[in-house]
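Working notes, beginning with the structure itself.
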Amino acid sequence: MNSSKMRVAVYCGSAKGCDPAYMAEAGALGSAIAAAELGLVYGGANVGLMGAVADAALACGGEVIGVLPEVLSGREIAHTGLTRLEFVATMHERKARMVALADAFLVLPGGYGTLDELLEIVTWAQLRIHAKPCVLVNSTGYWDGLLTFLDSTVKAGFLKAENRKLLRVAGSAAKAVELVLG
């Protein structure tokens, strides 16, 4: 795959979080994506980790495509400085559009929405709906509890070990981009 044509979707929070390291890692990821000449696809907001990853990619000359549900556009969170901002009718359409645009999925800290996106995309990998890399960026240990839980699902017989491996873990933004590039 030509890396200049490749795009990665980043799932992450619209909040900043309590630890400044979250925002720093979001910025590092945006910069690393642009430096690798990858395109960024994300949720289209200008706030929190979402805004930080987009702003960093843009500052480094990267292509940034945002996908924002119309229900959120009136809340003054739409990032107006993107390469392209697409509006869709629903959250389901947002997720589907991001999947269609992306060749890989990177996940930073976030809440319910981020967890929803993560679990859906790795479930689709398990079902062989796609074969795109799914990578958690866990530089702060934010995802440690989830990773422990997933390991327990393997031990309990609800998740096959081979499917557990579909969700890869990177200790930094730079490592996440390396995993995508292969």
Filter result for Val53 (under 13 Å from Val8 (Cβ atoms), crowded, with 18+ Cβ neighbours inside 10 Å, of a type outside the set (D, E, K, R) and without any contact (Cβ under 8 Å) to a residue 40 or more places away in the chain) = no
Would you mind stating whether Ser152 is touching a residue at least 40 places away in the same chain (Cβ under 8 Å) and surrounded by fewer than 17 Cβ atoms within 10 Å (Cβ to Cβ)?
-> no
Only listed residue being over 26 Å from Ala96 (Cβ atoms) and at pLDDT 95 or above, chosen from Ala170, Ala161, Ala125 | Ala161
Enumerated helices (runs of 4 or more DSSP H) restricted to the range 6-105, each holding at least 3 residues that are among the basic types (Lys, Arg) | 91-101
Please specify each residue of the range 1-48 satisfying the condition of being basic (Lys, Arg) and more than 13 Å from the chain's Cα centre (by Cα).
-> Lys5, Lys16
Might you let me know whether the range 74-97 holds any residue that is buried (at least 18 other Cβ atoms within 10 Å of the Cβ) and either within 12 Å of the chain's Cα centre (by Cα) or closer than 16 Å to Ala176 by Cα (or both)?
-> yes
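For (1) aromatic (Phe, Trp, Tyr); (2) modelled with pLDDT of 95 or more, each residue gets a yes or a no:
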{"position": "Met6", "(1), (2)": "no, yes"}
{"position": "Tyr22", "(1), (2)": "yes, yes"}
{"position": "Gly39", "(1), (2)": "no, yes"}
{"position": "Pro69", "(1), (2)": "no, no"}
{"position": "Pro109", "(1), (2)": "no, yes"}
Looking only at residues in the range 57-73 that are small (Gly, Ala, Ser) and buried (at least 24 other Cβ atoms within 10 Å of the Cβ), which one is farthest from Met98 (Cα to Cα)?
-> Ala57
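The values are calculated or read from the model by the stated rules, or taken from the named source; none is laboratory data. Values in this document were obtained by computation on a predicted structure and should not be read as measured data. Don't worry about glycine lacking a Cβ; one is built from the backbone with ideal geometry, like all the others, and counts go over all protein chains shown.
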